[in-house]
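The values are calculated or read from the model by the stated rules, or taken from the named source; none is laboratory data. Please read these numbers as outputs of a predicted model, since none were measured by experiment. Cβ: placed from backbone, ideal geometry, glycine included. Neighbour counts: every protein chain shown. Note: accessible area is taken over every heavy atom of the protein model, side chains too, but ligands, DNA and RNA are not part of it. Shrake-Rupley method; radii C 1.70, N 1.55, O 1.52, S 1.80 Å.
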Amino acid sequence: MTMMMQRRPHNLVLFFALASVLIVGVYIYFYQFSALPSEQNDLILNLISLIAPLSSAIFATLVFSTFERGDKPREVWKFMTIFIWLWTIAEFIWAGYLLQQADVPLPSWADAFWLTGFIFLTIALHKQYETVTRKTVELWKILAIWAAVALLTALITLILNVEFTLGHYLEYFYAVADFTAGIAAIRIFLAFRGGLMSRPWIGLFVLGLADALYAWLIASNMYAMSVGEGDPLSMIADTTYMAAYLVLAIGFYATYLTIRHGPNVTIEPVKG
């Protein structure tokens, strides 16, 4: 009788991570180096960019499906799944605007889904934080944080723009709100002490950084200029944003495999 190590399917996470790197590389190629006509190139870029949020939504749904009614994590993942699907729908709407008219109005229907998504993200973060730390967070504290986000966004908008419009406000709101959610996610990550179940929360922090970079380019009038001249700055902003969704998807997928198959390898006897 011999001993054979039977590996759990966690190497699938590595495979998906490598596939994600490949997706990013292809995206960069079509963004910066492709010689295709602009309409075809834009179509390919938009289709590639939608792979990331769609993957996140699918893997979050898989995680949610592993829990039964009455399981505490089920409530967290219910709201997390709704949140990521709302943002995925928003990304599809945004891409649709770009393909039809090469520009996206602000506000647009996509904003309705992004803003609604923040509600479910807040609930998910709240429930996860209380579950991990066993500390109660009063509602007034959550409302105070979002009030501070709203006021800070208004201040930034007034400082950086001659005219205060809802469109300008939303551009900065997403950056401030995403970064705030990212900080909360890092707090949860630390509460997990870096365990396997902490991975999805890293992706939220990366998403916040990506949105902050995008807002900075918009505020400095460098984003539009970059698109016109093929400057790498806009490519970095857009690629980082897409990559953040992929990091989120990797975290969701790793969580799903951990729940379904456990964190370790097993050694089983095999006849022969």
*Placing +1 at every Lys and Arg Cβ and -1 at every Asp and Glu Cβ, with all other atoms neutral, what dipole size does region 1-126 have around its Cα centre, in debye to the nearest 20?*
660
*For region 28-92, which trypsin sites (Lys or Arg not before Pro) are both in a DSSP coil and crowded by at most 14 other Cβ atoms within 10 Å?*
ARG69
_Probe radius 1.4 Å, ligands and nucleic acids ignored: give me the carbon and sulfur share of the accessible area of region 65-214 as a rounded percent._
67
*asked:* How large is the accessible surface of HIS126 in square angstrom, using a 1.4 angstrom probe and rounding to the nearest 10?
replied: 50
_Cleavage-rule hits, GluC sites (Glu not before Pro), region 70-154, DSSP coil, Cβ neighbours within 10 Å at most 15_ = GLU138
*How much area per residue is accessible in region 67-111 when the probe is 1.4 Å and only protein heavy atoms are counted (Å²)?*
56
